[in-house]
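Here's the structure we're looking at; comments come further down.
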Amino acid sequence: REGRGGWGTGILNWCVVMYGILVDPIQVVSLFLKDPYSWPAACLIIGREPLSVICYCRTGTISKTTGLILHILNLTSMLILSSATALTVTSMTPVGGVISLGVYTVLFLKLYSYQDTNRWCREIRQAKAKKMTRSFSCKSSNGSAAHTHVSYPGNLTHRDMYYFVFAPTLCYQLNFPRSPRIRKRFLMRRLLEMLFLMQLLVGLIQQWMVPTIQNSMKPFQEMDFSRMVERLLKLAVPNHLIWLIFFYWFFHSSLNFVAEMLQFGDREFYRDWWNSETVTYFWANWNIPVHKWCLRHFYKPMLRNGVNKFLAQTAVFLASAFFHEYLVSVPLKMFRLWAFMGMMAQVPLAWFVGRFLNGNYGNAAMWISLIIGQPIAVLMYVHDYYIIHHVNTT
């Protein structure tokens, strides 16, 4: 005999009960706001618009030298002013600082690409080339007839720039691939995934990860090596699980949601990094937007200027290490270089795995570096933050 009723009421009650047990709403709000009347992170994010307008104005209306100077000042001020705000405003929380600095870092990379791509177009136009051969000037192969082909300088409009600012990509193109319509069912699935996984992440962090980190402080203060290793291994599992859920939430659910809203056709946000047999393959495939930006605007230009492949790869890791440290140390208001050293350690690790480990052994080495490496950095930062803000204060 079939049971009466559907799943709806029981599952809803289960969610309410679990939400009440796993999630403390007050603690969640305190991660973003210290003072309910002061919203520095939100104000900092909203204040990014004038920086975009400066980039737009400088692209086509002033001289090349003046434009280059303004471009450099604009990008530099983005990083410096956002950092100064996060360091000096006492009401900004670490989580708010990470979000606001992350937004400014994304805008920094986007505006760099916007200027670079339009410079290429301008150089080709000045050389009176009859046919553009760069990928960014090609017609969209996936778009509909409603999206017309644009050529330089017809792309220099506020509408075009703001579409790029909100699009889920870091590399500018004159003609992005576009989808013919917005799929409402697809959009709702991604939205439900985002909401559910966010609640799951908050619950796991509060009930599993935070207590483990708190129990790890005493062994680190006493330098009890055996208990430190034990706490590290206990933290590795929840940290890795949370990282995997966050990866799906951001790269699959959130970016696809934004892409569907904007009818953005390029949905390759990641590839099969879980099958990586080398560290280099992992870093090239787990975050495709950043990888494409580094390849297009950083790595290939260095190769064209005569830099050898190894030095160019090391320079890419160096830039990545800087931004990792920037996004952690500035919001925490302390500088320990753990994230920087962790990223730079990927260079010898990539060489070792590529040279001595093949197949499943290389894949296992990649997974071990993720599972063990991340919680080490987490514990280092949490320990130092605890010492600075709690032990020294008392």
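So here's what we get for this one:
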quantity: Meets criteria (in a loop (DSSP other than H, G, I, E, B), over 14 Å from Pro168 (Cα atoms) and either at pLDDT 90 or above or within 17 Å of the chain's Cα centre (by Cα) (or both)) for Arg267; calculated: no
quantity: Residue in segment 196-206 that is under 30 Å from Gln374 (Cα atoms), touching a Lys or Arg at 6+ places or on another chain (Cβ under 7 Å) and not in a loop (DSSP other than H, G, I, E, B) present; calculated: no
quantity: Subset of segment 115-151 (residues that are hydroxyl-bearing (Ser, Thr, Tyr), farther than 19 Å from His71 by Cα and at pLDDT 80 or above); calculated: Ser151
quantity: Test: residue in segment 217-231 that is in a helix (DSSP H, G or I), free of Cβ contacts under 8 Å to residues at least 24 places away in the same chain and within 23 Å of Tyr248 (Cα to Cα); calculated: no
quantity: Qualifying residue in segment 250-258 (condition: over 18 Å from Gly102 (Cβ atoms) and either crowded, with 18+ Cβ neighbours inside 10 Å or in contact with a strand residue (DSSP E or B) (Cβ under 8 Å, 6 or more places away or on another chain) (or both)); calculated: yes
quantity: In segment 350-373, residue farthest from the chain's Cα centre (by Cα) [restricted to those that are open to solvent by 50 Å² or more (accessible area, probe 1.4 Å) and hydrophobic (A, V, I, L, M, F, W, C)]; calculated: Phe356
quantity: Residues satisfying the stated conditions in segment 232-242, i.e. open to solvent by less than 40 Å² (accessible area, probe 1.4 Å) and either closer than 27 Å to Gly359 by Cβ or not in a helix (DSSP H, G or I) (or both); calculated: Ala236, Asn239, His240
quantity: Among residues of segment 204-231, those that are among the small types (Gly, Ala, Ser) and buried (at least 17 other Cβ atoms within 10 Å of the Cβ), counted; calculated: 1
quantity: Of residues in segment 154-168 being farther than 25 Å from Lys300 by Cα and either touching a helix residue (DSSP H, G or I) at 6+ places or on another chain (Cβ under 7 Å) or not polar (S, T, N, Q) (or both), the one most open to solvent (accessible area, probe 1.4 Å); calculated: Arg159
quantity: Selection status of Asn239, modelled with pLDDT of 90 or more and either in contact with a strand residue (DSSP E or B) (Cβ under 9 Å, 6 or more places away or on another chain) or not hydrophobic (A, V, I, L, M, F, W, C) (or both); calculated: no
quantity: Filter pass, Phe225 being aromatic (Phe, Trp, Tyr) and under 30 Å from Ile388 (Cα atoms); calculated: yes
quantity: Filtered residues of segment 270-307 (kept if open to solvent by 80 Å² or more (accessible area, probe 1.4 Å) and farther than 22 Å from Ser253 by Cβ); calculated: Glu277, Tyr281, Lys300, Arg304, Asn305
quantity: Residue within segment 169-179 that is open to solvent by 40 Å² or more (accessible area, probe 1.4 Å), in a helix (DSSP H, G or I) and either over 30 Å from Lys110 (Cβ atoms) or modelled with pLDDT of 90 or more (or both) present; calculated: no
quantity: Candidate set from segment 75-112 (those that are of a type in the set (Phe, Trp, Tyr) and either in contact with a Ser or Thr (Cβ under 7 Å, 6 or more places away or on another chain) or touching a residue at least 60 places away in the same chain (Cβ under 8 Å) (or both)); member that is farthest from Phe250 (Cα to Cα); calculated: Tyr112
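The values are calculated or read from the model by the stated rules, or taken from the named source; none is laboratory data. Keep in mind it's a predicted model, so treat the numbers as computed, not measured. Please note: Cβ atoms are built from the backbone with ideal geometry, for glycine as well, and neighbour counts cover all protein chains shown. Please note that ligands, DNA and RNA were not included when accessible areas were found on the heavy atoms of the full protein model with its side chains. Shrake-Rupley method; radii C 1.70, N 1.55, O 1.52, S 1.80 Å.
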